[in-house]
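*Asks:* Here you go, one structure.
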Amino acid sequence: MKKLSSSLIVSVLVISFVIGISLAGLAADKKKVVINSYMADPAPKETLKQLVNRFEEEHPDFDVTINTYPHEDYKTLIRTWLPSKKASPDIVTWFAGERANTFVDKGLMMPLDDIWGEGKSFEDYFPKAFKSISQFEGETYFLPQSWYWYGFWYRESVFDKLNLEEPVTWKQFLDVCEKLKENGYTPISIGSKFRWTAAAWFDYFDLRLNGADFHMKLMKGEVKYTNPKVKDVFEKWKVLLDRGYFLDDHTSYSWQEGAKFLFNKEAGMYLMGQFIQDVVSDEKVKKDLNFFRFPIIDASVPIAEETPTDGYMIPKNAPHPEAAKEFMHYLATQQSQWFFADNLNRIAANRNIEETNYGPLVQKGLRMINRSDKVTQFYDRDTKPAMADKAMDQIVKFMVNPGQIDQILQAMEAQRKKVFE
Amino acid sequence: MSKRRVLWIGSFYLIAIVISLLWLFPLFIAGTTAFKSMNEIVQNIYWWNLPDEFTFQYFAEAWNQGGMSRYFLNSFIITVPSVVGALFLSALGGFALAKYRFKYNKLILGIFIAGNMIPFQMMMFPVFEISNVLGLYDTYLAVILFHVSFQMGFCIFFLRNFIRTIPTDLLDAARVDGSSEFRIFLQIVLPLTKPALAALGILEFTWIWNDYLWGLVLLASDNLRPVTVGLVSLQGEYLSKWNIISAGSLIAAAVPLIVFLVFQRYFIQGLMMGASK
């Protein structure tokens, strides 16, 4: 009996190995493309899968595999794949701008200059403005997929009830906060358990007070954090904290938990990316959500907005670069870009998609960006990871202890010296 | 019973109950979350509330759309040979270290124990490199081999101490009868070590089944992943389907539990074995 059970186990193992090997063998004569993806959020994951299915229907000689990784682990693991000749995938999902540049600098990525088709170039597909986040040292390395905008989200029914208008200036914004507070709402919700929600605030104050050029210099480590202009950022922010406009105990909520206060009409406004719409499954709440631009503080500063952009790259060690480039071409086309954006309410990077194709809220976001002078990515996408990690700790610390601005600035400056000098 | 004794027993039970409740609390949260719709999870901040309606929909979704059925099989394909391999090799090693006298015996044992002290995470990159060079990257074999070798340190230590308690006279008697050393191992040492092997087997099964790191580092293809890695890949940048992840975790946690319940008789026996000596 005992012998029988052990031989049963052995035979099950042998059979499963054989099946595994023969399944791998079946696909061997097709053109293989392996995509490693961080799109683990349910909706984008499904959309990418459908994009691949459509491609395989059009090109039956292709076999495209997606390996999805948990988002945070992906950022660590990609450092093991890229330098490896054996473990490298053909395509990786990645972020535009500084984060892409980090890998290009180390010579880990492949230029994409020959994927556009006969006589075409990057500019036939994407707006000129995308060059700065996709091209490095004169060559294109990054294929933009889609982007989204940031804004203050609110519930129309709450604003209607209190007779509030979307504020445009700083003063109007303070009035709205005050009115919300008087009527028993928490004016501003935030969940800063994961620190990036607070980093958005830092970015916006810096963009509104000091402008995008100064902000990008700061991100590149060319300006000291002890510069009085950076102190202004925290002083302005402190006004809101001192008046108690922010949600209590926000450090114990994730961004999603912070959003519940907005959805339940306990809080009035939430500075957040467009993906906040992905979380609402209640149609009534979804229809009631609207957003406005981060208020203008100094009218003489050119308006800048944050537009984090996601896309794809081909690693230098990709085992099937030719097939990967064919798939990349497909990803850049108007049809694929529209399919992705339309499914997820994002804005496609492809320039040939008409504004009128989008839904009303997306159109509003698109118009807001078109009327801006500059765009940036996001704090932890624009600066070096080691800098972002320490600085975001300090930013959250500021929200809890607004009195310690000077110590906080010194800690950020010490890290800037360590990372950039 | 004296008053003091009642007080003593009472406070013991009180503390035991409090500690058990604390330990069960995460399980309770996973249990309620697995039945809630995403809408309810997102909108209702009181996560300790019971779900509005009980539905097994999310268990089904975890199994089908979540890909759990495939991950589940993978976990078995990885865990069973790893446990069997680690136990068999460690029993051989433990036998040699316990019963043969040779130079550097203690040193070899020391190396196995010392290897136990090194945190796995430190070896992540070297192991990744080795699996690349050997061409094992992204195969079941890579994970199985590394589990077997990493678990051997602890297993050899445990089994060597156990096999030492077997009287050497028994082995000598077999030698006098002309039995080969390997036959002595198979027919005398292994059967006598059974309680220890069963206890160790349960522990190893649980550890390997719950492993996350090696499955993540050594496997790339989605269709080779064990259940731990598969479940976590449902966690996104902004959104995670907590109901499906919870339902999947509960299914995954059931397996070590069943293994434990089936073999618990041996488990307690095996652990007691050392204590009563």
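The values are calculated or read from the model by the stated rules, or taken from the named source; none is laboratory data. Quick caveat, the model's predicted, so the values are computed rather than measured. Because the Cβ atoms are built from the backbone with ideal geometry, glycine has one as well, and the counts that use them run over all protein chains shown. In case anyone asks, the SASA skips ligands and DNA or RNA and just uses the protein heavy atoms, side chains included. Shrake-Rupley method; radii C 1.70, N 1.55, O 1.52, S 1.80 Å.
*Asks:* I'd like to know which of A:Ile369, A:Ser336, A:Thr356 lies farthest towards the positive end of the charge dipole of the range A:334-400, counting +1 on Cβ of Lys and Arg and -1 on Cβ of Asp and Glu.
*Replies:* Result: A:Ile369, furthest along the dipole toward the positive end.
*Asks:* Using the Kirkwood radius built from alpha carbon pairs, what does the Stokes-Einstein equation give as D for the range A:132-186 at 10 °C and 1.306 mPa s, in µm² per second? Don't skip to the end; give the middle numbers.
*Replies:* Working: Rh = 14.6 Å.
After rounding, the answer is 109 µm²/s.
*Asks:* Counting only protein heavy atoms, what percent of the accessible surface of the range A:80-199 is carbon or sulfur at a 1.4 Å probe?
*Replies:* Carbon and sulfur together cover 48 percent of it.
*Asks:* If packing is taken as the average count of other Cβ atoms within 10 Å, what order do A:89-97, A:406-414, B:208-216 fall into, highest mean first?
*Replies:* In decreasing order of mean packing, A:89-97, A:406-414, B:208-216 become A:89-97, B:208-216, A:406-414.
*Asks:* Could you give the distance between the Cα centres of the range A:35-107 and the range A:286-361, to the whole Å?
*Replies:* 17
*Asks:* Compute the FRET efficiency between B:Ile111 and A:Leu162 as 1/(1 + (r/R0)^6), taking r as their Cβ-Cβ distance and R0 = 60 Å, and round to the nearest 0.05.
*Replies:* Result of the calculation: an efficiency of 0.25.
*Asks:* Under 14 Å between alpha carbons, and skipping anything fewer than 8 positions from B:Lys99 in its own chain: which aspartates and glutamates qualify?
*Replies:* Output for B:Lys99: B:Asp169, B:Asp172, B:Glu181.
*Asks:* GluC sites (Glu not before Pro) within the range A:304-398: which are DSSP loop residues with at most 14 other Cβ atoms inside 10 Å?
*Replies:* Listed in order of number, the matching sites are A:Glu354.
*Asks:* Treating only the Cβ atoms of Lys and Arg (+1) and Asp and Glu (-1) as charged, compute the dipole magnitude of the protein assembly as shown about its Cα centre; round to the nearest 20 debye.
*Replies:* 3060
*Asks:* Just from its helices, what would the mean residue ellipticity at 222 nm be for chain B, if runs of 4 or more DSSP H residues each count -39500 (n - 2.57) and the sum is divided by every residue, rounded to the nearest 500 deg cm²/dmol?
*Replies:* Mean residue ellipticity, 222 nm, calculated: -24000 deg cm²/dmol.
*Asks:* In chain A, what is the volume of the convex hull around the alpha carbon atoms, normalised per residue and reported in Å³?
*Replies:* Taking only Cα atoms, chain A has a hull volume of 193 Å³ per residue.
*Asks:* What is the average number of partner chain Cβ atoms found within 10 Å of a Cβ in B:131-137?
*Replies:* Mean shielding by partner chains, rounded to a whole number: 2.
*Asks:* Right, something else. Going by accessible area, probe 1.4 Å, with all protein chains left in place, what is the ranking of A:Ser121, A:Ser254, largest first?
*Replies:* Result, largest first: A:Ser121, A:Ser254.
*Asks:* Of the cross-linked pairs A:Lys86/A:Lys325; A:Lys390/B:Lys36; A:Lys229/A:Lys384, which ones have a Cα-Cα span greater than 26 Å in the structure shown?
*Replies:* Details: A:Lys86/A:Lys325 19 Å; A:Lys390/B:Lys36 37 Å; A:Lys229/A:Lys384 21 Å.
Correct reply: A:Lys390/B:Lys36.
*Asks:* As a test, work out the antiparallel percent of DSSP beta bridges whose residues both lie in the protein assembly as shown, rounded to the nearest 5.
*Replies:* Percent antiparallel among DSSP bridges in the protein assembly as shown is about 60.
*Asks:* What is the sum of charges, Lys and Arg at +1 and Asp and Glu at -1, for the other residues whose Cβ falls under 9 Å from the Cβ of A:Leu112?
*Replies:* -2
*Asks:* Probe 1.4 Å, all protein chains in place: accessible area of B:Phe150 in Å², nearest 10?
*Replies:* 40
*Asks:* Let me understand the range A:65-185 better: what is its radius of gyration from the alpha carbons, and its Dmax, in angstrom?
*Replies:* When restricted to the Cα atoms of the range A:65-185, Rg and Dmax are 22.2, 63 Å.
*Asks:* OK, next. Counting other Cβ atoms within 10 Å, keep those with at most 14, restrict to DSSP loop, and tell me which trypsin sites (Lys or Arg not before Pro) in the range A:25-86 are left.
*Replies:* Details: sites: A:Lys30, A:Lys31, A:Lys32, A:Lys45, A:Lys49, A:Arg54, A:Lys75, A:Arg79, A:Lys85, A:Lys86; in loops: A:Lys30, A:Lys85, A:Lys86.
Answer in residue order: A:Lys85.
*Asks:* Quick one: what are the phi-derived ³J(HN,Hα) couplings along the range B:53-64, Karplus 6.51/-1.76/1.60 with θ = phi - 60°, whole Hz, x for glycine and proline?
*Replies:* Result, ordered by residue: 9, 7, 9, 8, 3, 6, 5, 5, 5, 4, 6, 8 Hz.
*Asks:* As I understand it, the dipole of the protein assembly as shown uses +1 on the Cβ of Lys and Arg and -1 on the Cβ of Asp and Glu, about the Cα centre. Which of B:Val148, B:Tyr100, A:Met412 lies farthest toward its positive end?
*Replies:* B:Tyr100
*Asks:* Based on alpha-carbon positions alone, could you give the equivalent ellipsoid semi-axes of the range A:162-314 from the gyration tensor, as √(5λ), descending, whole Å? Walk me through the numbers on the way to the answer.
*Replies:* Details: eigenvalues 136, 83, 47 Å².
So the equivalent ellipsoid measures 26, 20, 15 Å along its semi-axes.
*Asks:* Using only the C-alpha atoms of the range A:373-421, find the volume of their convex hull and express it per residue in Å³.
*Replies:* Once divided by residue count, the hull of the range A:373-421 is 94 Å³.
*Asks:* What FRET efficiency do you get for B:Tyr100 and B:Glu129 if R0 is 30 Å and r is their Cβ-Cβ distance, rounded to the nearest 0.05?
*Replies:* So the FRET efficiency works out to roughly 0.30.
*Asks:* Could I ask something else about it? To the nearest 10 square angstrom, what accessible area does B:Val127 show with a 1.4 Å probe?
*Replies:* Counting only protein heavy atoms, B:Val127 exposes about 10 Å² to solvent.
*Asks:* At a Cα cut-off below 17 Å, give the aspartates and glutamates reachable from A:Lys161, other chains included and same-chain residues fewer than 8 away excluded.
*Replies:* Output for A:Lys161: A:Asp175, A:Glu178, A:Glu182, A:Glu266, A:Asp288.
*Asks:* Eigenvalues of the Cα gyration tensor times 5, then square-rooted: what semi-axes does that give for the range A:302-421, in whole angstrom, largest first?
*Replies:* 36, 23, 11
*Asks:* Also, quick follow-up: Compute and list, largest first, the equivalent-ellipsoid semi-axes of the range B:67-275 from the alpha carbon gyration tensor, each √(5λ) rounded to a whole angstrom.
*Replies:* Numbers: eigenvalues 262, 81, 39 Å².
Working from the Cα gyration tensor, I get semi-axes of 36, 20, 14 Å.
*Asks:* Could you work out how much longer the chain between A:Thr333 and A:Asn352 gets when fully extended? Use 0.36 nm per residue separation minus the Cα distance between them, nm to one decimal.
*Replies:* Details: separation 19, 0.36 × 19 = 6.84 nm, distance 0.94 nm.
Gain on stretching A:Thr333 to A:Asn352: 5.9 nm.
*Asks:* For the range B:67-275, give the percent of accessible area contributed by carbon and sulfur heavy atoms, probe 1.4 Å, rounded to a whole number.
*Replies:* 70
*Asks:* In Å², nearest 100, what accessible area do chains B and A bury in total when the solvent probe is 1.4 Å? Working shown, then result.
*Replies:* Values: alone 16800 and 19790 Å², together 33260 Å².
Counting protein atoms only, the buried area is about 3300 Å².
*Asks:* I would also like to ask the following. Sum -39500 (n - 2.57) across every DSSP H segment of at least 4 residues in chain A, then divide by the residue count to get the 222 nm mean residue ellipticity, nearest 500.
*Replies:* -15500 deg cm²/dmol
*Asks:* How much area per residue is accessible in the protein assembly as shown when the probe is 1.4 Å and only protein heavy atoms are counted (Å²)?
*Replies:* Roughly 48 Å² per residue, with all protein chains present.
*Asks:* Restricting things to alpha carbons, tell me how big the range B:105-220 is in terms of Rg and Dmax, in Å.
*Replies:* Rg, Dmax (Cα atoms, Å): 17.7, 54.
*Asks:* Averaged over B:224-236, how many beta carbons belonging to a partner chain fall within 10 Å of each residue's beta carbon?
*Replies:* What the average comes to for B:224-236 is 4.
*Asks:* On to the next question. For the range A:339-421, which whole percent of the accessible surface, found with a 1.4 angstrom probe, sits on carbon and sulfur atoms?
*Replies:* On the way: 1660 of 3850 Å².
On the range A:339-421, the fraction of accessible area on carbon and sulfur atoms equals 43 percent.
*Asks:* On to the next question. Residues of the range A:28-74 losing 50 Å² or more of accessible surface, assembly versus chain alone, probe 1.4 Å, please list them.
*Replies:* Those are A:Asp41, A:Pro42, A:Asn67, A:Tyr69, A:Pro70, A:His71, which lose 50 Å² or more relative to the chain on its own.
*Asks:* OK, next. Compute the label zone of A:Asp298 within the range A:129-170: residues whose backbone N is under 15 Å from the point 7 Å along Cα-to-Cβ.
*Replies:* In the range A:129-170, the label zone of A:Asp298 (backbone N under 15 Å from the point 7 Å along Cα→Cβ) covers A:170.
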